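Undergrad: The following block contains the structure, expressed as C-alpha cells.
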Amino acid sequence: MTTDSKSAPDFVAPHVRSLPKSGIRDFFDIVAGRKDVISLGIGEPDFQTPWHIRERAIEAIERGATRYTSNLGAPELRQALAAYMRQSFQSDYDWQHEILVTVGVSEAFDLAMRAVLSPGDEVLYHEPCFVAYAPLIRMAHGVPVPVETFRKDDFRLTVAELEKKVTPRTRALLLNFPNNPTGATLDRADTEALADFAIRHNLLVISDEVYSELTYEGGRHSMAAIPRLRDRLIFLNGFSKAWSMTGFRLGYACAPAPLTDAMMKIHQFGMMCASSISQTAGLEAVRHGDAAIAEMRDSYHLRRNFVVASLNEMGLDCFMPRGAFYVFPSIQSTGLSSKEFALRLLNEYNVACVPGGAFGACGEGFLRCAYATGMEPLKEAMDRMKTFVRALAH
Amino acid sequence: MDALLDLLKKNARESDATLAKLLGTTEQEVRARIAAYEQEGVIRGFQALLNTDRLDTNDVRAVIELRIRPEREGGFDRVAARIGKFPQVESMYLMSGAYDLLLFVKGASLQEVANFVSARLAPLDGVLSTATHFMLKTYKDQGVLMESEPHDDRLQVCP
C-alpha cells in the first residue's frame, strides 16, 4: 500500500475545487423547499412556450426527426438564423460557415472562451453580471477582469472604466446588454464607443445579446450592427428568453469562419450537436414567432412600469431599465446589506429576490427583482416589500 | 388596441391604481379613459368568466343556426334585433355561408330550449329554418382554457 492513497475529493482538479459556487445557488438552497414563497428570483420567463412552437416539437418527434444533425446545426435553421440576423441587425453571416447552433447561449459562451483563450489571457467583463461568465473564463484558463458599472450611468459600461483595466494581456471584451441583472441597455453612441475601444486595443468582442428582443425603448443597438467590428466579433443569442424556450436549451453563435470553425471543433467532440427536436422548434420560433414575442414583450413592458413605480413609491431608488425582465433597485436607504435585506424579506415576508452581491462586488447595495411572474403574485410581492420597507424605517 | 383595453380584457377587476402603474399614468387618467370608453359604447360591461360545468346547475346551452329572409329595407338587422331581445339568447352573430344567424342560447332544460326554438324562434316572420346543436362541454371560452396548464413549476431561484 502506498501512503498517498487518494479519496474522492482528491480527484477533483485544483482549479475546479477553488471555483466558488454561484451566489445564486446559495440563495436557491435557502429558498428551496419553502412553501408560499413569491419568487422574484427567477431568471426565466413565466410564459409557457408558445403553443405553435411546442406543437412543432411534438410533430418532429412524431415524424422521427430525432437524429443527429450537422455539427453546425440543421441547415434550415442556420439559413433562418442568417435571415434573422440580416433583418434584425443588417448584418450578413454566411449560414454555411459563420453560424453555429449550440446548447443554449451558455454552451456558446463556453466554446468561445475555450476557442480563443490561452492560459493567462485576460478577459474584460462588466459587473454586475450573469453569474456564469467569470467561472467559464476561468475554466478556459483565462483571467476574468471585472469592470464596474454604476447606477449613475444607468449601469451602462463606459470606456473610461474599461481604460482603467485594459493591459497588454487583455485578449477579449465580453458584453451582455440588455443586461442580467440590471436591465441596462446600450444606445448607439455606447456601442460605437465600445467598438472603437476594442479596435484601439486589438480585442475580440463577445456579445451575449440573449435579451435583445426584450428591449422596450430606445431601439435595439447590437454590436452585430457595427460593420467595422465584424472581424473581431462573436455574437451570441438564444431562444430561452424572448421565445420562452429555456428548457429547449437552444442558442447560437455568429462569427467569422475561422472563429466559428474553432468553436465547432470543440462542439463536435464535446456535444456533437444541439437537440434535433429543439432545433425544429427553434426553426418554427424564428420563422413564425414574431407575434408571440410581441405579445410577451408588451406584457413585460407593462409589468416593468408597474414594478419600477411600486419600488420608487416605497422609497427604493430604482432606475427605469429598458430591457430584459429585471429591475435592480437600491436598498442602501434601508441601511441593510443586500444579503440581510434579501434574507429578512424571505424569512419575514416570504418574498425571494436575489441579493445584488451575487452578481459581482459592485452589485452590493442592490437587489435583483425579476418581474417575469404573474400580475397577482407581483402585486402581492410589492405589497409585502412595501410593508417590510416601512417597518424598517421605524 | 389601446393597452388599457387589453389589460381590462385580461382582468376587468384590476384596480385603477395598478392599471395606472402598468401604463405609467395616473389613476384619474385611467378612470377618465374607462368612463370615455363606456360613454362611447366601446366597453359594454364587465362580467365574470365562469366554467359553468363546475357549477351545480342543470342549465343547458345550445348553438342554433338560423336561416332568415332579409328584408328589403334593413337586411337582417330588424329580425336580429327582435331575436336578440329574448333573454334566452346569450350571443348572436351574423354569419357568411350556409346560414345567416348563429345564436348561443341558454335554458333550464333540454325541453325548455327545444320549446324556445319551436314556439318562439321558428314561427317568427322571416325565419326560414333552424338547426339546433346542444353543447356538451366547454373547453375554452373567451380565450380562456377551462382547465389551466400546470403553470409555475419553475425553479424558485435561477440565474
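Only the coordinates and a few stated rules stand behind these numbers; no lab work does. All values reported here derive from a predicted model rather than from experimental measurement. Note that we place each Cβ from the backbone using ideal geometry, even for glycine, and neighbour counts take in every protein chain shown.
Undergrad: Suppose we keep only residues that are within 19 Å of A:L367 (Cα to Cα) and among the charged types (D, E, K, R) within the stretch A:105-153. Which one would you say is surrounded by the fewest Cβ atoms within 10 Å (Cβ to Cβ)?
TA: Selected residue: A:K152.
Undergrad: Are there any pairs, at least 6 apart or on different chains, whose C-beta atoms fall under 7 Å, with the first in the stretch A:20-37 and more than 9 Å from every other protein chain (Cβ to nearest Cβ) and the second outside any loop (DSSP other than H, G, I, E, B), and if so, which?
TA: Partner pairs satisfying both residue conditions: A:G23/A:G357; A:G23/A:A358.
Undergrad: List the number of the failed condition for B:R67; all other conditions in (1) in a helix (DSSP H, G or I); (2) more than 30 Å from A:S299 (Cβ to Cβ) hold.
TA: The failed condition is (1).
Undergrad: Suppose we filter the stretch A:85-104 for residues that are surrounded by fewer than 19 Cβ atoms within 10 Å (Cβ to Cβ) and in contact (Cβ under 8 Å) with a residue 60 or more places away in the chain; how many remain?
TA: Number satisfying all stated conditions: 4.
Undergrad: Out of the residues in the stretch B:132-159 that are assigned to a strand (DSSP E or B) and under 20 Å from the mean Cα position of the chain (by Cα), state the one that is farthest from the other protein chains (Cβ to nearest Cβ).
TA: The selected residue is B:T132.
Undergrad: Just the residues that are in a helix (DSSP H, G or I) and of a type in the set (F, W, Y), please, taken from the stretch A:346-391.
TA: A:Y349, A:F359, A:F388
Undergrad: Within the stretch B:38-57, can one find any residue that is within 14 Å of chain A (Cβ to nearest Cβ), within 28 Å of A:H301 (Cα to Cα) and out of contact with any Ser or Thr (no Cβ under 6 Å at 6 or more places or on another chain)?
TA: no
Undergrad: For the subset of the stretch B:1-34 comprising residues that are surrounded by 13 or more Cβ atoms within 10 Å (Cβ to Cβ), more than 10 Å from chain A (Cβ to nearest Cβ) and assigned to a loop (DSSP other than H, G, I, E, B), which member is farthest from the chain's Cα centre (by Cα)?
TA: B:T26
Undergrad: Follow-up. Just one of the numbered conditions (1) touching a Pro at 6+ places or on another chain (Cβ under 9 Å); (2) within 14 Å of chain B (Cβ to nearest Cβ) is not true of A:G41; which one?
TA: For A:G41, the failing item is (1).
Undergrad: Moving on to the next point. For the stretch A:323-346, give me each residue that is in contact with a Gly (Cβ under 7 Å, 6 or more places away or on another chain) and either charged (D, E, K, R) or crowded, with 18+ Cβ neighbours inside 10 Å (or both).
TA: Within the stretch A:323-346, A:G323, A:A324, A:Y326, A:V327, A:F328, A:I331, A:S338, A:K339 meet the criteria.
Undergrad: Does any residue of the stretch A:91-103 turn out to be within 14 Å of chain B (Cβ to nearest Cβ) and out of contact with any Pro (no Cβ under 6 Å at 6 or more places or on another chain)?
TA: Scanning the stretch A:91-103 turns up no residue that is within 14 Å of chain B (Cβ to nearest Cβ) and out of contact with any Pro (no Cβ under 6 Å at 6 or more places or on another chain).
Undergrad: Look at A:S299 and say whether it is of a type in the set (S, T, N, Q) and under 21 Å from the mean Cα position of the chain (by Cα).
TA: The answer is yes for A:S299.
Undergrad: With respect to A:R287, is the statement that it is in contact with an Asp or Glu (Cβ under 7 Å, 6 or more places away or on another chain) and more than 13 Å from every other protein chain (Cβ to nearest Cβ) true?
TA: Spelling it out, it is not the case that A:R287 is in contact with an Asp or Glu (Cβ under 7 Å, 6 or more places away or on another chain) and more than 13 Å from every other protein chain (Cβ to nearest Cβ).
Undergrad: Looking at the stretch A:304-316, is at least one residue within 27 Å of A:Q87 (Cβ to Cβ), in a helix (DSSP H, G or I), within 14 Å of chain B (Cβ to nearest Cβ) and in contact (Cβ under 8 Å) with a residue 40 or more places away in the chain?
TA: The answer is yes, given that some residue of the stretch A:304-316 is within 27 Å of A:Q87 (Cβ to Cβ), in a helix (DSSP H, G or I), within 14 Å of chain B (Cβ to nearest Cβ) and in contact (Cβ under 8 Å) with a residue 40 or more places away in the chain.
Undergrad: Select, from A:L19, A:L77, A:L111, A:L81, the only residue that is touching a Lys or Arg at 6+ places or on another chain (Cβ under 8 Å) and either part of a helix (DSSP H, G or I) or over 25 Å from A:L214 (Cα atoms) (or both).
TA: A:L19
Undergrad: Filter the stretch A:372-385 for residues that are among the charged types (D, E, K, R) and over 14 Å from A:F341 (Cβ atoms); which is surrounded by the fewest Cβ atoms within 10 Å (Cβ to Cβ)?
TA: For the stretch A:372-385, the residue satisfying everything is A:E376.
Undergrad: Out of the residues in the stretch A:347-371 meeting the condition of being surrounded by fewer than 24 Cβ atoms within 10 Å (Cβ to Cβ) and small (G, A, S), tell me which one is farthest from the other protein chains (Cβ to nearest Cβ).
TA: A:G365
Undergrad: Just checking, does the stretch B:39-47 include any residue being part of a strand (DSSP E or B), of a type in the set (G, A, S), loosely packed, with under 13 Cβ neighbours inside 10 Å and under 18 Å from the mean Cα position of the chain (by Cα)?
TA: Within the stretch B:39-47, not a single residue is part of a strand (DSSP E or B), of a type in the set (G, A, S), loosely packed, with under 13 Cβ neighbours inside 10 Å and under 18 Å from the mean Cα position of the chain (by Cα).
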